[in-house]
Amino acid sequence: MSGARRSALASLRGQIERIETAAVVHPHDRVALGHSEADNALKGGLARAAIHEVFCAGSQGTAATGFVMGLAGRVSAQRPLLWIRQDFSEIEAGALSMSGLAELGLDPRRVVTVRAADVESALRSSADALACDALGAVVLELWGETRQFDLVASRKLTLAAQGSGVTGLLLRMAAQPLPSTAETRWMLRAAHSPPGPVWDAWGAPRFDAELLRNRHGPCGRWIMEWNCDECQFSEPSTYSQPVAAAPADRQNPAISADERRRAG
Amino acid sequence: MSGGAQDEPSIVVIKDNNALVIHALNEAAERLGLYIGQPLANARAMCPDLKVFDADVAADAKTLSDIADWCDRFTPLVALDPPHGLFLDITGCAHLFGGEAALLQTLVRALGRQGFAVSAAIAGTSVCARTLTRQATGSIVADGGEAAALDRFPVSALGAGEAISTGLRRAGLKTIGDVASRSPSEITARFGARFSTLLAHALGQGDAPISPRKPLPDYIVEKRFAEPIATDTMIAMTLSRLADTLIASMEKQGKGARRLEAAFFRTDGVVRAITVEAGRPVTQSKVIDRLFRERLDALADPLDPGFGFDMVRLSASRTEIVVQEQRDLDAHVHDNDELSALIDRIAARIGGKRVVVHLPEDTHIPECAVMAAPAQHHLAAAMQAEWPARAESEPPLRPLRLFDRPEPIKVPFAAVPDGPPHQFTWRRALHAVVRVEGPERIAMEWWRQGGKQLTRDYFRIEDAEGLRFWIFRDGLYEGEVFDGDGEPASPGWYVHGLFA
């Protein structure tokens, strides 16, 4: 390799490094989700001006929708929210109901829905929307595997989000995670309501959220509960339950196991 | 009528009172003595080797409307006069084409080149001009000369109908001059007020307004080309120059455009009009430029220049007075501007009905509780809408995702007739019910649907996997649902939505 070419490569590398560090050094505005372990893993909260991906299996679409809406509610901070979806996902998973959104404690007045016919127009609209700094968040909902959403498209969205400071949330239902430029990637499942009497209040949104990828921190898996009144996530609330009293005449098996390990 | 084999007698027939009669005919057929309205059998008897075509009234109307589109290049006020006439209001337009005579000549020649036989005339009133086209094509009558011009023409030229023409002839009034010489009261008493009004209009005493096909745009700018343009760059450049001119003329009156239409006139007579809308008045030419670029990019059938466009017209068909706002002090106003600009851009590309905001409706029926309205027009209303408040410290009572059409589920049995199922099959998967809440009974609005809809009992359900459903039984257990024989049947179950 000639010297001139090597120096050209070096200068290009330097440029790329500067571009990338600029994005990293830029003090990411972070929004705490309310769930302390998840916030710790995310270094204080979900980064604004970035792309976050939420994946789920086909049958778990609504849990993922609830989670994405929760994230959007956290990051958008009273600014408008653009919800871009494909016609097909509405048939498969149902339409986003504004009454349901209001029940989650979010404000339906701020939601503008874009009903894109196909993936191309959805992607194009979202790139446009991410460049508009009047928005709080842009949610792009795609159903199934899509060829059109590749690394280039993902990079485009990330750049647009970095430029404007708008947060992009991708809801990928019935899709497998693929390499992308997203800041975080989640896999969502619905979690059971806490055990308790059948007639007791139940049904608050609970998510089994697995953080698959985190650019700036560790991953993890947590049960997160959405608190509709305070509009934030929280640790699963503990419900006091009658527990059988420990037998007084026998050794506590948990303690004995512990001692055995120490001895061995 | 379009030409073709001019020398062979050919006719177009239409069914009238169960008989085929001549609807239109060419000159060769006319020379043989055939006439419009003659039964086909008689015509065949007179001329056995007649070429006969079926009339297609819809296609005729389409052709007339296409010609009217083409005529838009002369004046924005073009009205249809079915079955085969057009009125053009050329007030104030003629000088752009070198005077009335030159305009008439241009129009007749251009249509003639496209294969149409045209008779045209210019007069002070529309009825007078129409009468002239039937007898003296190409004539131009100045204001006040109507009565003299029509004096010698037969009464049938007025087009008042067969009965009246015959009546006038029987009364010995053969020409329009004869009729005009009688006093109006006599004519009205014998032939009705409608005919006397028609006569008055033909003679230039008063005028019937024409009804143009399109409302007159508030502002029009256009560009004509001696050499037709066809390339995308030229089209884009023309549009942006026109936008500059349009904005300049609107600015003088403090207006902004809400709806804009670009019309592309192809050399072969085809006209393509493209409309864009804006949520708030547009006052910058670069915004117009961008909206059209988005729209042109996203057209399902792209703009086909063919042999080129010889004219491009940009018109603002809806405008509003622009209120100058103080921007810097109120960031909120600025944000809303940006949002509506974004909405306009997306709407220009994918259609205004596909970008929606949501308005609450005052009803209990879940699928009707929210109305989606185009964001371009209802953004402000949606931002201020009053939504019903949620109950504090309750889990969500309405699902996050709602199916447009509730999906039927299979329920094997219910332990209690009125109660919820223990398990159900939805989309071929079996769900075991772990927790239930309900029923929430929602009765249909009898005053709206004519009492045909059934009462629904909704249950919130959690299955063994933690998925939460909103299911309902369509109809009360007894007394609402009947099978074909009128016997009580068991009501159906549906999934209507899913909770997060």
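If I filter region B:356-379 down to residues being in contact with a helix residue (DSSP H, G or I) (Cβ under 8 Å, 6 or more places away or on another chain) and hydrophobic (A, V, I, L, M, F, W, C), which single residue comes out as farthest from the other protein chains (Cβ to nearest Cβ)?
Only one residue tops the list, namely B:Ala373.
Of B:Ser139, B:Ser165, which residue is under 30 Å from B:Arg266 (Cα atoms) and small (Gly, Ala, Ser)? Explain how you work it out, then say what you get.
On the way: B:Ser165 fails: under 30 Å from B:Arg266 (Cα atoms).
Unique residue meeting the criteria: B:Ser139.
Would you check which residues across region A:107-129 are buried (at least 21 other Cβ atoms within 10 Å of the Cβ) and more than 10 Å from chain B (Cβ to nearest Cβ) and list them?
Listed by number, the list holds a single entry, A:Leu123.
For B:Leu299, state whether it is modelled with pLDDT of 90 or more and of a type outside the set (Gly, Ala, Ser). Lay out the reasoning, then the answer.
On the way: modelled with pLDDT of 90 or more: no; of a type outside the set (Gly, Ala, Ser): yes.
Criteria not met by B:Leu299.
Quick check on my filter: what residues within region B:131-153 are surrounded by fewer than 20 Cβ atoms within 10 Å (Cβ to Cβ) and in contact (Cβ under 8 Å) with a residue 60 or more places away in the chain?
B:Asp143, B:Gly144, listed by residue number.
Pull up region A:27-67, narrow it to residues that are within 14 Å of chain B (Cβ to nearest Cβ) and surrounded by fewer than 17 Cβ atoms within 10 Å (Cβ to Cβ), then point me to the one that is farthest from A:Thr181 (Cα to Cα). Outline the logic, then answer.
To start, the set of residues in region A:27-67 that are within 14 Å of chain B (Cβ to nearest Cβ) comprises A:54, A:56-67.
Retained after the next criterion (residues that are surrounded by fewer than 17 Cβ atoms within 10 Å (Cβ to Cβ)): A:57-58.
Working: A:Ala57: 21, A:Gly58: 23 Å.
The residue in question is A:Gly58.
Please go through region B:240-254 and give me each residue that is in contact (Cβ under 8 Å) with a residue 60 or more places away in the chain and crowded, with 20+ Cβ neighbours inside 10 Å, ordered by number.
Correct list: B:Leu242, B:Ala243, B:Leu246, B:Met250.
Just need a number here: residues in region A:68-106 that are under 26 Å from B:Gly351 (Cβ atoms), hydrophobic (A, V, I, L, M, F, W, C), in a helix (DSSP H, G or I) and facing chain B (nearest Cβ under 10 Å).
Residues in region A:68-106 being under 26 Å from B:Gly351 (Cβ atoms), hydrophobic (A, V, I, L, M, F, W, C), in a helix (DSSP H, G or I) and facing chain B (nearest Cβ under 10 Å): 6 in total.
Across region B:349-391, what is the number of residues that are under 13 Å from B:Ala278 (Cα atoms) and part of a loop (DSSP other than H, G, I, E, B)? Walk me through how you get there before you give the answer.
Our first condition is that a residue be under 13 Å from B:Ala278 (Cα atoms); within region B:349-391, this holds for B:349, B:351-353, B:355, B:374-379.
Then keep just the ones that are part of a loop (DSSP other than H, G, I, E, B); that gives B:351.
So the answer is 1.
Quick one: how many residues across region B:175-211 are among the charged types (D, E, K, R) and touching a helix residue (DSSP H, G or I) at 6+ places or on another chain (Cβ under 7 Å)?
1
Tell me, which residue of region B:46-84 that is of a type in the set (Asp, Glu) and not in a helix (DSSP H, G or I) is surrounded by the fewest Cβ atoms within 10 Å (Cβ to Cβ)? Can you show your working first?
First, the residues of region B:46-84 that are of a type in the set (Asp, Glu): B:49, B:54, B:56, B:60, B:66, B:69, B:72, B:81.
Checking the rest, the ones that are also not in a helix (DSSP H, G or I) come to B:49, B:54, B:56, B:72, B:81.
Working: B:Asp49: 7, B:Asp54: 10, B:Asp56: 13, B:Asp72: 22, B:Asp81: 16.
Among residues in region B:46-84 that are of a type in the set (Asp, Glu) and not in a helix (DSSP H, G or I), the one surrounded by the fewest Cβ atoms within 10 Å (Cβ to Cβ) is B:Asp49.
Is it true that some residue in region B:289-301 is exposed (fewer than 15 other Cβ atoms within 10 Å of the Cβ) and free of Cβ contacts under 8 Å to residues at least 24 places away in the same chain?
Yes, that holds for at least one residue.
Going by the structure shown, is B:Asp404 closer than 30 Å to B:Gly279 by Cα, of a type in the set (Asp, Glu) and free of Cβ contacts under 8 Å to residues at least 60 places away in the same chain? Don't jump to the end; show me each part of the working.
Details: closer than 30 Å to B:Gly279 by Cα: yes; of a type in the set (Asp, Glu): yes; free of Cβ contacts under 8 Å to residues at least 60 places away in the same chain: yes.
Yes; evaluated as a whole, the condition is true for this residue.
Residue-wise test of (1) assigned by TED's automatic domain parsing to the domain that holds B:Ser119; (2) at negative phi.
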site: B:Asn18; (1), (2): no, no
site: B:Gly33; (1), (2): no, no
site: B:Met46; (1), (2): no, yes
site: B:Cys71; (1), (2): yes, yes
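Would you list the strands (runs of 3 or more DSSP E) that sit entirely within region B:412-500 and hold 1 or more residues that are touching a Ser or Thr at 6+ places or on another chain (Cβ under 7 Å) and within 9 Å of chain A (Cβ to nearest Cβ)? Break it down stepwise before answering.
On the way: elements: B:423-426, B:429-442, B:456-463, B:468-474, B:492-499.
Once the strands (runs of 3 or more DSSP E) in region B:412-500 are filtered for at least 1 residues that are touching a Ser or Thr at 6+ places or on another chain (Cβ under 7 Å) and within 9 Å of chain A (Cβ to nearest Cβ), what remains is B:429-442, B:456-463, B:492-499.
Looking at B:Ala273 and the list (1) in contact (Cβ under 8 Å) with a residue 12 or more places away in the chain; (2) crowded, with 16+ Cβ neighbours inside 10 Å; (3) on the phi < 0 side of the Ramachandran plot, which single condition is not satisfied?
B:Ala273 satisfies all of (1) in contact (Cβ under 8 Å) with a residue 12 or more places away in the chain; (2) crowded, with 16+ Cβ neighbours inside 10 Å; (3) on the phi < 0 side of the Ramachandran plot except (2).
Scan region A:114-128 for residues that are of a type in the set (D, E, K, R) and assigned to a helix (DSSP H, G or I) and jot them down.
The initial filter retains those residues of region A:114-128 that are of a type in the set (D, E, K, R), namely A:115, A:118, A:120, A:124, A:128.
Answer for region A:114-128, where residues must be of a type in the set (D, E, K, R) and assigned to a helix (DSSP H, G or I): A:Glu120, A:Arg124, A:Asp128.
Which of the residues that make up region B:386-443 are outside the structural domain of B:Tyr494 (by TED's automatic domain parsing) and over 48 Å from the mean Cα position of the chain (by Cα)?
Once the filter is applied, which keeps residues that are outside the structural domain of B:Tyr494 (by TED's automatic domain parsing) and over 48 Å from the mean Cα position of the chain (by Cα), region B:386-443 yields B:Glu392, B:Ser393, B:Glu394.
Tell me yes or no: at least one residue of region A:135-143 is surrounded by 23 or more Cβ atoms within 10 Å (Cβ to Cβ), in a loop (DSSP other than H, G, I, E, B), in contact with a Pro (Cβ under 7 Å, 6 or more places away or on another chain) and within 13 Å of chain B (Cβ to nearest Cβ).
Let us first name the residues in region A:135-143 that are surrounded by 23 or more Cβ atoms within 10 Å (Cβ to Cβ), namely A:135, A:137-142.
Narrowing the set further to residues that are in a loop (DSSP other than H, G, I, E, B) leaves A:135.
If we keep only those that are in contact with a Pro (Cβ under 7 Å, 6 or more places away or on another chain) too, we end up with A:135.
Filter once more, so that each one left must be within 13 Å of chain B (Cβ to nearest Cβ): A:135.
Yes, some residue in region A:135-143 is surrounded by 23 or more Cβ atoms within 10 Å (Cβ to Cβ), in a loop (DSSP other than H, G, I, E, B), in contact with a Pro (Cβ under 7 Å, 6 or more places away or on another chain) and within 13 Å of chain B (Cβ to nearest Cβ).
The values are calculated or read from the model by the stated rules, or taken from the named source; none is laboratory data. Quick caveat: nothing in here was measured; it's all calculated off a predicted structure. We place every Cβ from the backbone using ideal geometry, glycine too, and count neighbours over all the protein chains shown.
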